[in-house]
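Here's the structure, in structure tokens; my notes come after.
Just so it is clear, none of the values below were taken in a lab; they were calculated from the coordinates. Remember, it's a predicted structure, so these values are computed and weren't measured experimentally. Here the Cβ is made from the backbone with ideal geometry for all residues, glycine too, and neighbour counts use every protein chain on show.
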Amino acid sequence: MSTQPRSIKASDLAAHVGQEIGLSPWRTVTQDIIDKFAVATDDDQFIHTDPARAAETPFGGTIAHGFLVLSLLSAMTYETLPSIEKSKMAINQGFDKLRFQAPVKSGARIRTRFVLASVNARPSGMVQLAYDVTIEIEGSAKPALTAHWLTISVLDPEDLAP
């Protein structure tokens, strides 16, 4: 579990660039979650939803959708990263790089490491944060995914001053 503070001043962010700023708790990816994601996205490929057929594949059972694993990043962010003091809202700006490295089998546990890669405070009060994220699979040498993720926090310009 991360020992980082639960909140941080925008003016203190630059001091954390290059550092791990959060490590989420383990989260189990159940077959129920996989099935619900399949329904929500109309992606019911058997490798995700049919345990009997999936058992005959090299994976030996069902695996989570890559986009499901990616979508869990939001929940792991909320429960892990410190909030930015006086931030009015945060916006997901997207990914500069994203790679699915290894499948997440049904029942596996995952967690995310967040490294603050860069901070770009704009005079408008918008602060762009870049994170290098790694979603780890418990017991696996390879992560589920690695990504360079961009977010924006919106503050009043005067709240950026030290």
inquiry  = On the basis of being in a helix (DSSP H, G or I), surrounded by 15 or more Cβ atoms within 10 Å (Cβ to Cβ) and of a type in the set (S, T, N, Q), does THR112 make the cut?
reply    = no
key: Residues (touching a residue at least 60 places away in the same chain (Cβ under 8 Å) and closer than 17 Å to GLU138 by Cα) located in segment 65-88   = GLY66, VAL69, LEU70, LEU72, LEU73
key: Residues satisfying the stated conditions in segment 1-56, i.e. without any contact (Cβ under 8 Å) to a residue 40 or more places away in the chain and small (Gly, Ala, Ser)   = ALA15, ALA38, ALA40, ALA52, ALA54, ALA55
request  = Return a yes/no flag: does segment 150-160 have any residue that is crowded, with 18+ Cβ neighbours inside 10 Å, polar (S, T, N, Q) and over 30 Å from GLN31 (Cα atoms).
outcome  = yes
remark   = Per the filter on segment 7-30, residues closer than 25 Å to HIS48 by Cα, surrounded by 16 or more Cβ atoms within 10 Å (Cβ to Cβ) and not β-branched (Val, Ile, Thr) are SER24, ARG27
task = Select the helices (runs of 4 or more DSSP H) contained entirely in segment 31-79, then report the ones holding at least 1 residues which are within 17 Å of the chain's Cα centre (by Cα) and not aliphatic (A, V, I, L, M).
result = 31-41, 66-78
key: Options PHE95, PHE59; residue that is in contact (Cβ under 8 Å) with a residue 12 or more places away in the chain, closer than 24 Å to LYS36 by Cβ, out of contact with any Phe, Trp or Tyr (no Cβ under 8 Å at 6 or more places or on another chain) and surrounded by fewer than 18 Cβ atoms within 10 Å (Cβ to Cβ)   = PHE59
query = If you scan segment 93-109, which residues turn out to be in a loop (DSSP other than H, G, I, E, B) and either touching a His at 6+ places or on another chain (Cβ under 6 Å) or among the hydroxyl-bearing types (Ser, Thr, Tyr) (or both)?
reply = SER106
Options SER106, SER71: the member that is surrounded by 16 or more Cβ atoms within 10 Å (Cβ to Cβ) and not aliphatic (A, V, I, L, M) = SER106
query = Looking at segment 117-139, is at least one residue under 30 Å from PRO58 (Cβ atoms), surrounded by fewer than 16 Cβ atoms within 10 Å (Cβ to Cβ) and without any contact (Cβ under 8 Å) to a residue 60 or more places away in the chain?
reply = yes
request  = Please enumerate the residues belonging to segment 115-162 that are of a type in the set (Ser, Thr, Tyr) and in a loop (DSSP other than H, G, I, E, B).
outcome  = SER124, SER140
